[in-house]
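Trainee: The structure under discussion is supplied below as structure tokens; questions concerning it will follow.
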Amino acid sequence: MSTIISDLNMNFQDYQALKDVDLEIKKGEFVAILGPSGCGKTTLLRLLAGFLKPTSGKIEIDGMTVADKDSVVEPNKRNIGMVFQSYALWPHMTVIQQVLFPLQNSRFSKFKSADEQRKRAEEVLELVGMLQLKDRYPSELSGGQKQRVAIARGIVNEPALLLMDEPLSNLDAELKIEMRREISRLHKEIGGTILYVTHDQAEALGMADKIVVMSKGRIQQAGTPGEIFNSPANPFVAKFVGQSNLIKGRWEGNVFICGNGETAERKNIAEIFLEENLYPVKADNLSIVDAEASKFRGRIKEVEYQGFKNKIIMLMEDGNTVQVMANSMYDFPQEKEYGIKFA
């Protein structure tokens, strides 16, 4: 079975948060909803959870209509799990009590006896590496440990759909990477369906089977991480995922021309870029050369050290501003003129 969202719209007075959203989440998929703040991704998650009623459209989970403009099924009557950004652990409950709670109170729980529930809770805590801390309270846990408990509580009932609302945003960089691996491992082991809301493209690209990019309440593109990264559907997706340069020039057939005649071939580039006379290209796919070796020339305005590579920002003669990644072993003096070649 799957989760199907059909022609979904959500208005808050005179503000439209979601516009004509259509999406199918197949059983077992890990789907990341990716977009900037205010794009509608959290509103979509709250509608799926049952916290809001849509203005129009319909949501079905496992063949059951759980929301439309006339009615909404309450959260506790949907077979879903939820992992909140703020963990939302009860301060007066131990770790094992947190995880037992949905088993004891959900109508969808298939673990009926106290012994079955206890065994299931301990199995899941073992899965997330928290069994040895089962008698601790939230105040005695680190941020990463709290997140593991929140995940265990979300998956313990084997929900039809697990909703995760930016669950790693409160963690430091190193712990984020560790928890990304942990969530990916759990998904492979339990095989559940996950909808993961994030504004972090590294999380989406590294974890999801499918990415849905949103902006201004609309889905801009849905596809595999490779499709989203390598073949953006429009300028917004190109800039937001992978931070592509959108170089201005002109198209003559399938050949792009910029600067004083430098050319690039069309490769997996959507029609909209031709219509807007833009060429999307990532900084890694450009190289800096001597000025006389290219017809696309400019001066270096800024150099940002990023470890093995430097991000070079150049102001081109034709008015384009272009980012290029270059080996940090080489020196590129500011204001010096260079050319750019397309890979």
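Trainee: Check off (1) crowded, with 17+ Cβ neighbours inside 10 Å; (2) without any contact (Cβ under 8 Å) to a residue 60 or more places away in the chain for L89 and give me the number that stays unchecked.
Mentor: (2)
Trainee: Among the polar types (S, T, N, Q), buried (at least 20 other Cβ atoms within 10 Å of the Cβ) and either assigned by TED's automatic domain parsing to the domain that holds E182 or outside any helix (DSSP H, G or I) (or both), is that true of Q132?
Mentor: Details: among the polar types (S, T, N, Q): yes; buried (at least 20 other Cβ atoms within 10 Å of the Cβ): no; either assigned by TED's automatic domain parsing to the domain that holds E182 or outside any helix (DSSP H, G or I) (or both): yes.
For Q132, the condition - among the polar types (S, T, N, Q), buried (at least 20 other Cβ atoms within 10 Å of the Cβ) and either assigned by TED's automatic domain parsing to the domain that holds E182 or outside any helix (DSSP H, G or I) (or both) - is not met.
Trainee: Right, something else. Can you name the residue in region 223-269 that is among the basic types (K, R) and part of a strand (DSSP E or B) and is also farthest from L205 (Cα to Cα) among such residues? Walk me through it before giving the result.
Mentor: As a first pass, look at region 223-269 and keep what is among the basic types (K, R): 239, 248, 250, 266-267.
Filter again for part of a strand (DSSP E or B), leaving 248, 250.
Working: K248: 27, R250: 31 Å.
Step by step, filter region 223-269, then rank; the result is R250.
Trainee: Among the residues of region 1-39, write down those that are touching an Asp or Glu at 6+ places or on another chain (Cβ under 7 Å), in a loop (DSSP other than H, G, I, E, B) and either crowded, with 22+ Cβ neighbours inside 10 Å or among the β-branched types (V, I, T) (or both).
Mentor: none
Trainee: Quickly run through region 78-107 and pick out the residues that are part of a helix (DSSP H, G or I) and either closer than 10 Å to V149 by Cβ or touching a His at 6+ places or on another chain (Cβ under 8 Å) (or both).
Mentor: Passing the criteria: V95, I96, Q98, V99.
Trainee: Any idea which of E262, E275 is within 32 Å of the chain's Cα centre (by Cα), not hydrophobic (A, V, I, L, M, F, W, C) and not assigned by TED's automatic domain parsing to the domain that holds R218?
Mentor: Answer to the check: E275.
Trainee: Applying the selection to region 128-150, what residues are in contact with a helix residue (DSSP H, G or I) (Cβ under 7 Å, 6 or more places away or on another chain), in contact (Cβ under 8 Å) with a residue 60 or more places away in the chain and either among the hydrophobic types (A, V, I, L, M, F, W, C) or more than 20 Å from L175 (Cα to Cα) (or both)?
Mentor: Hit for region 128-150 is V149, nothing else.
Trainee: Considering region 314-328 alone, what residues qualify as being closer than 13 Å to G259 by Cβ and aliphatic (A, V, I, L, M)?
Mentor: M314, L315, M316, V322
Trainee: Continuing with the same structure: When you scan region 249-268, how many residues do you find that are more than 20 Å from D284 (Cβ to Cβ) and basic (K, R)?
Mentor: Of the residues in that region, 1 qualify.
Trainee: In region 138-149, which residues are part of a helix (DSSP H, G or I) and farther than 14 Å from I96 by Cβ?
Mentor: Hits for region 138-149 are S139, G143, G144, K146, Q147.
Trainee: What single numbered condition from (1) in a strand (DSSP E or B); (2) surrounded by fewer than 18 Cβ atoms within 10 Å (Cβ to Cβ); (3) at pLDDT 95 or above; (4) out of contact with any Gly (no Cβ under 9 Å at 6 or more places or on another chain) fails to hold for I272?
Mentor: So I272 meets the others, but not (1).
Trainee: Residue by residue through region 47-74, note down the ones that are of a type in the set (S, T, N, Q) and not in a strand (DSSP E or B).
Mentor: Result: T55, S71.
Trainee: Before we move on, is F111 of a type in the set (A, V, I, L, M, F, W, C), within 30 Å of V73 (Cα to Cα) and either surrounded by fewer than 19 Cβ atoms within 10 Å (Cβ to Cβ) or modelled with pLDDT of 95 or more (or both)?
Mentor: For F111, the condition - of a type in the set (A, V, I, L, M, F, W, C), within 30 Å of V73 (Cα to Cα) and either surrounded by fewer than 19 Cβ atoms within 10 Å (Cβ to Cβ) or modelled with pLDDT of 95 or more (or both) - is not met.
Trainee: Looking at Y330 and the list (1) buried (at least 18 other Cβ atoms within 10 Å of the Cβ); (2) free of Cβ contacts under 8 Å to residues at least 24 places away in the same chain, which single condition is not satisfied?
Mentor: (1)
Trainee: On to the next question. In the list F256, F332, which residue meets the criterion of being out of contact with any helix residue (DSSP H, G or I) (no Cβ under 6 Å at 6 or more places or on another chain), at pLDDT 95 or above, outside the structural domain of Q201 (by TED's automatic domain parsing) and among the hydrophobic types (A, V, I, L, M, F, W, C)?
Mentor: When all the criteria are applied, what remains is F256.
Trainee: Exactly one condition in (1) without any contact (Cβ under 8 Å) to a residue 24 or more places away in the chain; (2) part of a strand (DSSP E or B) is not met by V213; state its number.
Mentor: Here V213 meets the rest and fails (1).
Trainee: When you check L175 against the structure, is it in the same structural domain as Y87 (by TED's automatic domain parsing) and either under 30 Å from E276 (Cβ atoms) or surrounded by fewer than 17 Cβ atoms within 10 Å (Cβ to Cβ) (or both), yes or no?
Mentor: Here the answer is yes, as L175 does meet what is asked.
The values are calculated or read from the model by the stated rules, or taken from the named source; none is laboratory data. Not measured: the values here are computed from a predicted model. Note: ideal-geometry Cβ built from the backbone for every residue, glycine included; neighbour counts use all protein chains shown.
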